[in-house]
Amino acid sequence: MAQDYYALLGVSRSATPEEMKKAYRKLARQLHPDVNDAPDAADRFKEVTTAYEVLSDPQKRAVYDRGGNPLGGGGGAGGFGGGAGFSFDDIMDAFFGGGGSSSRGPRSRAQRGQDALLRLQVDLAEAAFGVTREIKVDTAVVCERCSGSGAEDDSATVTCGTCHGHGEVQQVQRTPLGSVRTARPCPTCHGFGTVIQDPCHECHGDGRVRSRRSITVSIPAGVDQGTRIQLAGEGEVGPGGGPAGDLYIEVEVARHPVFTRKGDQLRCQVTLPMTAAALGTHVDLPTLEADLADEDGPEVVGLEVPAGIQSGETLTLRGQGVPRLRGPGRGDLVVEIVVQTPDDLDDAPRDLLKQLAALRDEARPEAQLGSTHRGSVFGRIKDAFR
């Protein structure tokens, strides 16, 4: 024998495969031409690689220990040979660690199911104060006939004859740097390691079936348009009877005939005749609680309108808005006043208004001119930069 492979690796002749692999990885990190620029680094790297190729293969090691040529004359001390027992993954392990050539094993048939999304429309009062709904959901559930196994009975599943239960098949390719071993999922069992010879007659081997079921959903007080509520484990059951995904309920709030919502604030309009706006008045407003028969709270709330209020002005009722989703308390109710001018006067009211105009010296009032720029978007932007 021209070279002592054991000496090249720096191990004893009784070294275990793990000891040789550890020694090779250490030497490979030291001698690889990419990290070692010594003139003889490449040759020494080839020598220790050839030594490990021989000693890591039980058959080649036995031939070498008996004094034979383990490379069959096809490669010298400087070649990489072509033994099927050597994997380029061992070189990768030397630099990156891990077990690149080790089998990942078969994968489980039971996989987590997909999440599901369902949109639920509620009234504004239901979104504000919360509601409990029972909904119907069409999802995949575990097949009762096979309990998710996908097989008609226990004897219907056998070990795959192609991969022998490993779930993957390996392929060896010769390269200038040695034999590269790659693994891919078994094409026969699709990586499961077993084959169902007699699939379940109900689910046809999937382990799940479609079904409609009822779910009770609690909508918390204060939710808004687009809020999503997560129901863990209420989504699609996975293939092979795997754990179910989550169900998300997206809230859609229906338009209210009186109130509009902005955050935790409610807004509405109150139209008053000009006499009530001039003299002041009291108005009873319906509350949002009135929309829910089982909601405690007043059905009306009083609003005091001060004398002389102008159209477009707002009044605020504290704590009459939407309950806050996070945190205590409620928002406010903002009431916009719209003053209505009569356009169907008969003789008597017209005469009274003429008398009022005369008393106030408003029979021929001078118009009060003002710029409209402030009321426009561009006008407000312009004023902001002044």
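The values are calculated or read from the model by the stated rules, or taken from the named source; none is laboratory data. A quick note: this is a predicted structure, and the numbers were derived from the prediction, not measured. Here the Cβ positions follow ideal geometry from the backbone for every residue, glycine too, while neighbour counts run over all protein chains shown. Ligands, DNA and RNA are excluded from the accessible area calculation, which covers all protein heavy atoms including side chains. Shrake-Rupley method; radii C 1.70, N 1.55, O 1.52, S 1.80 Å.
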Could you list, in sequence order, all residues of the stretch 123-172 that are under 30 Å from Arg326 (Cβ atoms), among the charged types (D, E, K, R) and open to solvent by less than 60 Å² (accessible area, probe 1.4 Å)? Glu126
What about Pro298, is it of a type outside the set (Ser, Thr, Tyr), in contact with a helix residue (DSSP H, G or I) (Cβ under 9 Å, 6 or more places away or on another chain), more than 30 Å from Asp206 (Cα to Cα) and without any contact (Cβ under 8 Å) to a residue 12 or more places away in the chain? yes
For the stretch 323-357: of the residues being assigned to a loop (DSSP other than H, G, I, E, B) and in contact (Cβ under 8 Å) with a residue 40 or more places away in the chain, which is most open to solvent (accessible area, probe 1.4 Å)? Arg326
Given (1) in a loop (DSSP other than H, G, I, E, B); (2) surrounded by 10 or more Cβ atoms within 10 Å (Cβ to Cβ); (3) at pLDDT below 85, Gln320 misses just (3)
Against the conditions (1) assigned to a loop (DSSP other than H, G, I, E, B); (2) within 30 Å of Asp138 (Cα to Cα); (3) not polar (S, T, N, Q), where does Arg213 fall short? Just the number, please. (1)
How do the strands (runs of 3 or more DSSP E) wholly within the stretch 119-201 filter down when requiring 1 or more residues that are touching a strand residue (DSSP E or B) at 6+ places or on another chain (Cβ under 9 Å) and within 26 Å of Glu252 (Cβ to Cβ): which remain? 131-142
What number of residues within the stretch 189-233 satisfy the criterion of being at positive phi and surrounded by fewer than 19 Cβ atoms within 10 Å (Cβ to Cβ)? 4
Out of all the residues in the stretch 16-28, which are surrounded by fewer than 20 Cβ atoms within 10 Å (Cβ to Cβ), without any contact (Cβ under 8 Å) to a residue 40 or more places away in the chain and within 19 Å of Asp65 (Cα to Cα)? Thr16, Pro17, Glu18, Glu19
Being loosely packed, with under 13 Cβ neighbours inside 10 Å and part of a helix (DSSP H, G or I) is true for just one of Ala38, Ala51, Ala7. Which residue is that? Ala7
Search result, residues across the stretch 229-252 that are in contact with an Asp or Glu (Cβ under 7 Å, 6 or more places away or on another chain) and touching a residue at least 24 places away in the same chain (Cβ under 8 Å): Glu234, Gly235, Pro239, Ala244, Gly245, Asp246, Leu247, Tyr248
Checking the structure you have, find out if any residue of the stretch 152-163 is modelled with pLDDT under 90 and in contact with a Phe, Trp or Tyr (Cβ under 6 Å, 6 or more places away or on another chain). no
Which of (1) in contact with a helix residue (DSSP H, G or I) (Cβ under 9 Å, 6 or more places away or on another chain); (2) at pLDDT below 90; (3) open to solvent by 30 Å² or more (accessible area, probe 1.4 Å) is the odd one out, the single condition Gly178 does not satisfy? (3)
